[in-house]
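The values are calculated or read from the model by the stated rules, or taken from the named source; none is laboratory data. None of the values given here were measured: they were computed from a predicted structure. Cβ: placed from backbone, ideal geometry, glycine included. Neighbour counts: every protein chain shown. Accessible surface areas use protein heavy atoms only, side chains included; no ligands, DNA or RNA. Shrake-Rupley method; radii C 1.70, N 1.55, O 1.52, S 1.80 Å.
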Amino acid sequence: MNNSNIPVIAVDGPSASGKGTVAQLVADALGFSYLDSGALYRVVAFAAKQDDIAWSDAEAVATCAKTLDIQFKNDQVYLNGNDISEQIRTEEMGQGASQVAVHAPLRAALVDLQHHFRKAPGLVADGRDMGTVIFPDAELKIFLTASTPTRAERRYKQLIGKSLPANYDDILLDLQERDARDKGRASAPLMMAADAMLLETDHLTITEAVNTILKNYEHKKLNKKS
Ligand code: DC
């Protein structure tokens, strides 16, 4: 199926940059589908742990991923029919996702699944390599980021808001570790695509970030027509 005419907005950036919230709101505003690619890596980390597979074992992790039935329904994530949305959101699974994500065989195993999210009228895809590897032909590429202290503070407030245990210094260290791993890996490292727009959100509200993306998307569409 050739779906290359279906528009994609790629939103990449580091952990806790707010890109999930922003990307979902952009998708809602445009009536587009939404792909949370980080959730896929989190599900794999979760499934590997359940099967006693070490996150460092590249081949075993990739083989495990190929057996999984992963579904997204109404903002919930299902693994083999079970709702595991809450379980994959823990800091442990964030770390696990970042560790399994370094493996090229796993990344290759998840490519088709991600391409299947590209459906009319369009897709907003959020991750680390959406604009560089998975959807290099995306209509609009955004690299959404914020300073590490800002991101740590956001994550801290998010956890406290959910009445979950949170320690700011631990979160800061955890983010630094994940950033270093996500940027330093050989396979599809976190980086800004050459044709991406940088969106620094330290001093932007969620609504401002969403509106900036929507405005730029409209602009691209108009330029394409003329
Ligand atoms: O966006 P997130 O925090 O849910 O992602 C969890 C981890 O998954 C992240 O630290 C790196 C990895 N990941 C990736 O390597 N490629 C993606 N497209 C999305 C996430």
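Quick notes on this structure:
- Checked against the criterion of being within 19 Å of LEU30 (Cβ to Cβ) and either under 16 Å from the mean Cα position of the chain (by Cα) or within 12 Å of the ligand (Cβ to nearest atom) (or both), the candidates LEU110, LEU144 yield just one match: LEU144.
- Single residue of region 64-80 satisfying the filter (farther than 12 Å from LEU113 by Cα and not in a strand (DSSP E or B)) that is nearest to the chain's Cα centre (by Cα): ASP75
- THR21, sole failed condition from (1) away from the ligand (no atom under 14 Å from the Cβ); (2) touching a helix residue (DSSP H, G or I) at 6+ places or on another chain (Cβ under 8 Å); (3) part of a helix (DSSP H, G or I); (4) under 28 Å from THR212 (Cβ atoms): (1)
- Qualifying residue in region 159-178 (condition: closer than 21 Å to ALA193 by Cα, in contact (Cβ under 8 Å) with a residue 60 or more places away in the chain and buried (at least 17 other Cβ atoms within 10 Å of the Cβ)): yes
- When LEU40, LEU30 are screened for being open to solvent by less than 10 Å² (accessible area, probe 1.4 Å) and in contact (Cβ under 8 Å) with a residue 40 or more places away in the chain, only LEU40 passes.
- Among the residues of region 24-42, those identified as near the ligand (Cβ under 10 Å from one of its atoms) and either of a type in the set (Lys, Arg) or in contact with a strand residue (DSSP E or B) (Cβ under 7 Å, 6 or more places away or on another chain) (or both) are LEU35, ASP36, SER37, GLY38, ALA39, LEU40, ARG42.
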